[in-house]
1. Got the relative contact order for segment 448-508 handy, in percent, Cα pairs under 8 Å and 6 or more residues apart?
2. Which value, in Å³ per residue, describes the convex hull spanned by the Cα atoms of segment 98-222?
3. What does the extension gain come out to for residue 414 and residue 462, with contour length at 0.36 nm per residue minus their alpha carbon separation?
4. For Cα pairs less than 8 Å apart in space and 6+ apart in sequence, what is the mean separation divided by the residue count of segment 182-333, i.e. the relative contact order in percent?
5. Quick one: length gained pulling residue 381 to residue 119 fully straight, 0.36 nm per residue minus the C-alpha distance?
6. Place a point 7 Å from Cα of residue 224 in the direction of its Cβ. Which residues in segment 299-330 have their backbone N less than 20 Å from it?
7. Taking 24 Å as the cut-off for C-alpha to C-alpha distance, list the pairs among 316/469; 123/196; 316/408; 392/469 that go past it.
8. To the nearest 0.05, how large is the calculated FRET efficiency for residue 491 and residue 202 if R₀ is 60 Å and r is the Cβ-Cβ distance?
Amino acid sequence: LRTSLKLHTSLHTSAGTNVVAAREERARKDVTDEKDGHKSLYALQAERQGQAERSVLISYHSRINEKKFLKYLSKHGDINKYYFYESYGIYAVVEFGSREGVASLLEEAAIPSVNHEAMVPFKSRLLSLRNLCSADSPNQQSGPQCQPQTTVPINQLIQTLSKEGSIDQQVTSLTEAYQLTEENSRLRFLVCSLLKDIAAAYFPECTVRPFGSSVNGFGKLGCDLDMILDLDGISGRKTKMPRSGLSLEYQLKRANSERSATQSILSVIGECVDQFGPGCVGVQKILNARCPLLRFAHQPSGFQCDLTANNRVAIKSTELLYLYGELDPRVRHLVFTVRCWARTHGITSSIPGAWISNFSLTVMVLFFLQRRSPPIIPTLDHLKDLAGPADKSVIEGNDCTFVSDFSKIQLESNTETLEQLLHEFFEFYATFPFSKMSINIRKGKEQNKPEVAPLHIQNPFEISLNVSKNVNATQLERFVALCQESSWLLQQSETSTPRGYKEGSTPTTWGLATLLLPSQVAGIKGRKKRRLEPASVRIKGLLESLKNNQNPPKKS
Ligand code: GTP
Ligand code: MG
């Protein structure tokens, strides 16, 4: 048996251990400080960051014997957790009990010798393992169990949902099928931590943290990984200029604005990731965007990554969305369902364009939930009124203050079911006065539109901005037409009555599953013509297609 661990090499740094220890200590404290069973986003992130920093990512090239694999790695230290997944090949994520385990493993690993390539001396925590199989292993044929990292195909989801006994169960089941798993969440933090090792070549005390749907509670398996290169923790950065004494020279060199400093930082990090980042491919520098970023694929995890810097407002939006999602379980259920519905019908897209974004759609769901009677979630202004002195946050002149302590928030007792809410959501936006009014979660009430745009959704923190500025009239019309159709479908007994699934038979599509079938109204071609048909004709055709149900929907 010849076993070897090989390093994916690049530039080496090992700074930041003390920062990590302090952060982990704080996390342990915060987790025990949990209020009402809600873990704060800060505590959750710190805990995951700690785990990520003690973890390695190992790809292997031959069948693996799980027992031997563990025995082999345990020589280097206690293992807290491990799991396997398939991306471009099979990978294992292994979390050691301490960073010494990682250090010992890296110490032993061989540096590969490749004929026509030169090595960059950087010991990354991405390794490959060869020849650790055994002929007499009973597990050898099946191999280790892999954790899913992508969502089930839409056809399969439709079948699963059709087996459920109520629309409420369907909505819950969709959320369960789509939401990030614990393993996927850990992998996201691990990729941030690997990126941090690279960025630390320039900024040893930096942190790379995820934001957006990877951590706000609304991420589905397969969503992109949004990251921030956080330089705020660098010691002394916030120190005021003393009247006398030392001040640093390096900070403002050649940068005449924060934006240009961010651009230069991302530019050099982009170069570094491109040249020395193991597994990072297709690095694009998108530095002229409103929020400059690096975009690349991290092949071993399969994540599409966006790395930004100096993006504090996005961290605040992430915290806000997380808070709303934690306040009432119906928030996440409805957001997952509406996002899935929108994606299936091409209302949202992974390609940037005139489409409604997932972020806009989430804000629309939040606004709808604020407009219920009684409201399911409070307005942002109310959350601001509840804030304590420690919650105060002003970023580039924008007031981003809101309460962080969940226990201060009193909810009203709204008992609407998910089925009612889903139906009402479609009804609400099927008839919303988009031409005159703006959606505003700060006030929890529609406001007169301040500017001409087909869809106006006030940016919660940068209030002069419209988060859906990119959306054109056609896309808004499609959204409204689909809301009308879905609302109508949910009123029909053919759609809304459970079909009594029998074990072993093919389930008949019903309820939410019906709403995920291809639409009769929202196709771009013939859209105008179809809309002129009387509703009864459209709906008759729709019911026919549902009865036959032979037309598998396109994969979104
Ligand atoms: P996915 O589609 O699952 O990636 O959802 P997402 O919420 O991660 O959206 P996206 O990757 O487009 O953006 C990441 C985060 O950036 C969002 O969660 C928001 O916090 C923020 N963001 C995106 N678009 C806007 C915008 O137009 N305005 C503001 N203020 N923040 C935005
Ligand atoms: Mg995202």
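Since every read-out is calculated from the coordinates, none of them should be taken as a lab result. In this text the structure is predicted, and so the values were computed from the model without any measurement. Glycine also receives a Cβ, built like all others from the backbone with ideal geometry; neighbour counts cover every protein chain displayed.
1. 19 percent
2. 220 Å³
3. Here the answer is 14.3 nm.
4. Relative contact order comes out at 25 percent.
5. 88.8 nm
6. What the label zone holds, given the 20 Å backbone N cut-off, is 299-322.
7. 392/469
8. Rounded to the nearest 0.05, the efficiency is 0.55.
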